[in-house]
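J.: Structure incoming, see below.
The values are calculated or read from the model by the stated rules, or taken from the named source; none is laboratory data. If you're wondering where the values come from, they're calculated on a predicted model, not measured in any experiment. With ideal geometry, Cβ positions are generated from the backbone for all residues, glycine too; neighbour counts draw on all protein chains shown. With ligands, DNA and RNA removed, areas are computed over all heavy atoms of the protein, side chains included. Shrake-Rupley method; radii C 1.70, N 1.55, O 1.52, S 1.80 Å.
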Amino acid sequence: MDDLECGASLDSEGEGNLIAAAQQIARALESKRELTDEERKALVHLRAQLSTVTIDSEKKKKNIEEGASREEHLDVIHEKIMRWENDQSMIWDLGQEEAFQYLNAVDETRKLIERLENSRPDMSVEKDGMLRNAHDVLQTAMVRLEEEFKHMLLLNRRSVEPEHTSFRSSEEDVAEEGSTISSSFDDSLRRDSFNRISEESIIDLVHPEILPDLRCIANLMCNSGYEHECSQAYVNLRRDALDECLFIVEMEKHCIEDVLRMEWATLNFKIKKWVRAIRVFVRVYLASERWLSDQIFGEVSLNLSCFIEASKAAILQLLNFGEAISIGSKEPEKLFCFLEMYEVMSKLLPDINELYADDAGSFIRIQYHELQQRLGNCIRMTFLEFKKAIASNASATAFPGGGVHHLTRYVMNYMKNLVDYGGTLELLLSDHGEEGCNSFCHETNSPIEDEQSGVSGCGFPKLAPHFHGISSVLESNLNEKSSLYKDAALQHIFLMNNVHYMAEKVKNSELRHVFGDDWIRKHNGKFQQHALSYERSTWSSILSFLREEGLHSSGSGSISHTLLRERLRNFSLAFEEVYKAQTAWVIPDIQLREDLRISTSLKIVQAYRTFVGRHNGHLSDRHIKYTADDLENFILDLFEGSPKSLPNPYRR
């Protein structure tokens, strides 16, 4: 029995011999009719050992067979993959069948590596070598797939200009809109329209039919652990493509120093191009780029990071231009450009927040928000600079003819165009109401507190105090300019013209909703009062020659012919002086000019006709230099801006 136990426990030279010997011993013991307890125990123990050895042996045999099968499979895959390494042609150029076979071979390699790595705890030397070989094969395939991926992206790239979007504009045309505080502001200046409907669309940046192939390659490379190589290849190519899109929208690269040195006409042109460029770039090109990255990398969750990395340089180039603008000077003529930039950024803000979502896009979102805030500050500062410029606009000489001063035209048209941005201005100036209302408000005949009574009920209640403040500053400046005229009548003509222009500009534009009807009524009363003051200054002394007082002698009550003729002669001389001076004066508004002529005729011609008619029996034709009809016709020559003189003597 000792020999049996020893035979059962000893190791043989081979597992097969050991199993065979153990089976013979078991059969020998079983053939005995009676077994001792020790023999029975030995038989049970031997059977247990035999079962364990058999199972282990079968497992080892199976592993050997599987190992041989895997190695053969790897050899087949390796042969398929390496066959393309000696071929210079691109796999996908040869058709879908070749591409499918190659992708299938690479995927089988990936799966083989997964199986080998899952069995790593009991991996043999042979399996370890096979795993290294499989990784080498996979790496070779990944390099090839990266080249195929880049080739397809580059070959199928499309540079598409969005429909209904024209960037071809003349720098000379835009430059004409530039102006300074001392030059006229074009009534026709209007902001660019923001047509979101025609621009908010997805376009194909690559030919759509290759998207499934690109997605397959991306999925396979990422699942194989080569997501960095795949995403970097994509980012590099798409970054260049987006640079080309910037070229399409005519957005050039400028350093901050270059922008700060630009002449205003050039800068104005560049800003208008920037406004058009950023809205199309964000809503068309960036939206399309995000969609493209979603299509290719959406299944492996690399879509957002790839999009951000590919587009970061382009969007920052646009933002850098805005940064340069925000740190430049704050001349009043730049306010409209600042407002255009601010508003387009406000409208694009939801797009930016959606495109650059999550923590990955926070850097771009922060840069975008900070630029918008800086532009808002520029608008506030420039608005105040506008007021300062009005207040400080001094004149050394009187404005010719007493017409509408170019400062008045500039300021009123400036404000009229600002109404287009009323909502934005209300938002940005809402925290500066007191400063905007009271800063630079000089003392005038009508206090600003009275003028603000028309603010309630207007369309822009927060903006109204600021505009009232500007109009008060303008009126104060005009009062100062009127003092340059030596003739009091011309002072009133000047103020009448300018206040009338202000009132008409408000009444006939969107400014009415800012200033209110009360303001209009008060300023109508102002220019009418200046018209009455003009008549008193000009015609009161002349009409005094036609009064009856002093013509009759105190004793007899008879008419003094000498005094009568003297007064008539002095009237004619005074009228000739007025005619000579006031034909050079100008009232640009036709209706206002006609109204003042009619009012003057009613007073002068009627008084003259009555005076001459009453004393006609004491006067001969040679004493009556002008008839009433003559005077009426002469008055029609006044305020045309063309100086004339009456012939002397004058008699028809």
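J.: Restricting region 224-258 to residues that are aromatic (Phe, Trp, Tyr) and outside any loop (DSSP other than H, G, I, E, B), which is modelled with the lowest pLDDT?
T.: Here the answer is 247.
J.: Name the single residue that is nearest to residue 586 (Cα to Cα) among those in region 473-485 being in contact with a helix residue (DSSP H, G or I) (Cβ under 8 Å, 6 or more places away or on another chain), assigned to a helix (DSSP H, G or I) and of a type outside the set (Lys, Arg).
T.: Filtering region 473-485 for residues that are in contact with a helix residue (DSSP H, G or I) (Cβ under 8 Å, 6 or more places away or on another chain), assigned to a helix (DSSP H, G or I) and of a type outside the set (Lys, Arg), the one nearest to residue 586 (Cα to Cα) comes out as 482.
J.: When the residues of region 139-170 are filtered to those that are in a loop (DSSP other than H, G, I, E, B) and at pLDDT 65 or above, which remaining residue is farthest from residue 104 (Cα to Cα)?
T.: 161
J.: Same structure, new question: Of the residues 475, 510, 535, which is within 30 Å of residue 565 (Cα to Cα) and among the acidic types (Asp, Glu)?
T.: After applying the criteria, what remains is 535.
J.: Further question: Taking residue 344 and the conditions (1) within 14 Å of the chain's Cα centre (by Cα); (2) open to solvent by 10 Å² or more (accessible area, probe 1.4 Å), which numbered condition does it fall short on, given that it satisfies the others?
T.: Only one criterion is unmet by residue 344, namely (2).
J.: How many residues are assigned to a helix (DSSP H, G or I), of a type in the set (D, E, K, R) and farther than 15 Å from residue 319 by Cα when one looks only at region 259-282?
T.: Number satisfying all stated conditions: 1.
This table checks each residue for (1) within 30 Å of residue 205 (Cβ to Cβ); (2) open to solvent by 40 Å² or more (accessible area, probe 1.4 Å).
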position: 248; (1), (2): yes, no
position: 251; (1), (2): yes, no
position: 254; (1), (2): yes, yes
position: 259; (1), (2): yes, no
position: 263; (1), (2): no, yes
position: 278; (1), (2): yes, no
position: 283; (1), (2): yes, no
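J.: Return the residues of region 359-383 that are over 20 Å from residue 314 (Cβ atoms) and open to solvent by 40 Å² or more (accessible area, probe 1.4 Å); say none if nothing qualifies.
T.: Of everything in region 359-383, those that are over 20 Å from residue 314 (Cβ atoms) and open to solvent by 40 Å² or more (accessible area, probe 1.4 Å) turn out to be 359, 373, 374, 377, 380, 381.
J.: Output the residues belonging to region 518-542 that are in contact (Cβ under 8 Å) with a residue 24 or more places away in the chain, over 53 Å from the mean Cα position of the chain (by Cα) and open to solvent by 60 Å² or more (accessible area, probe 1.4 Å).
T.: If the condition is that a residue be in contact (Cβ under 8 Å) with a residue 24 or more places away in the chain, over 53 Å from the mean Cα position of the chain (by Cα) and open to solvent by 60 Å² or more (accessible area, probe 1.4 Å), then 541 is the only one that fits.
J.: Same structure, new question: Among 258, 204, 294, 240, which is more than 30 Å from residue 92 (Cα to Cα) and more than 20 Å from the chain's Cα centre (by Cα)?
T.: Answer to the check: 258.
J.: In this structure, is residue 109 over 16 Å from residue 210 (Cβ atoms), among the β-branched types (Val, Ile, Thr) and at pLDDT below 80?
T.: The answer is no for residue 109.
J.: Also, I was wondering about something else. Restrict the check to region 232-255 and report whether at least one residue is out of contact with any Gly (no Cβ under 7 Å at 6 or more places or on another chain), under 30 Å from residue 117 (Cβ atoms) and hydrophobic (A, V, I, L, M, F, W, C).
T.: So far as region 232-255 goes, yes, one or more of its residues are out of contact with any Gly (no Cβ under 7 Å at 6 or more places or on another chain), under 30 Å from residue 117 (Cβ atoms) and hydrophobic (A, V, I, L, M, F, W, C).
J.: Write out, first by first residue and then by second, each pair whose Cβ atoms fall under 8 Å of each other, whose residues are 6+ apart or on separate chains, and whose first residue, in region 307-322, is closer than 16 Å to residue 276 by Cβ and touching a residue at least 12 places away in the same chain (Cβ under 8 Å) while the second is outside any helix (DSSP H, G or I) and not polar (S, T, N, Q).
T.: 317/251; 317/253; 318/251; 321/251; 321/254
J.: Quick check on region 592-599. Is at least one of its residues basic (Lys, Arg), surrounded by 15 or more Cβ atoms within 10 Å (Cβ to Cβ) and either under 54 Å from the mean Cα position of the chain (by Cα) or in a loop (DSSP other than H, G, I, E, B) (or both)?
T.: yes
J.: Evaluate region 306-322: report whether one residue or more is over 20 Å from residue 247 (Cα atoms), open to solvent by 10 Å² or more (accessible area, probe 1.4 Å) and in a helix (DSSP H, G or I).
T.: no
J.: Can you confirm whether residue 136 is open to solvent by 70 Å² or more (accessible area, probe 1.4 Å) and either under 55 Å from the mean Cα position of the chain (by Cα) or modelled with pLDDT of 80 or more (or both)?
T.: Here the answer is yes, as residue 136 does meet what is asked.
J.: Within region 486-517, take every residue that is over 17 Å from residue 471 (Cβ atoms) and not in a helix (DSSP H, G or I) and give me the one that is least open to solvent (accessible area, probe 1.4 Å).
T.: Among those that are over 17 Å from residue 471 (Cβ atoms) and not in a helix (DSSP H, G or I), it is 487.
J.: Do the conditions hold for residue 512, that is, is it more than 30 Å from residue 388 (Cα to Cα) and free of Cβ contacts under 8 Å to residues at least 12 places away in the same chain?
T.: So residue 512 does not fit the description; no.
J.: Between a first residue in region 563-589 that is closer than 15 Å to residue 534 by Cβ and open to solvent by 20 Å² or more (accessible area, probe 1.4 Å) and a second residue that is of a type in the set (D, E, K, R) and in a loop (DSSP other than H, G, I, E, B), which pairs have beta carbons less than 8 Å apart while being 6 or more apart in sequence or on different chains?
T.: Going by the 8 Å Cβ cut-off, the qualifying pairs are 581/487.
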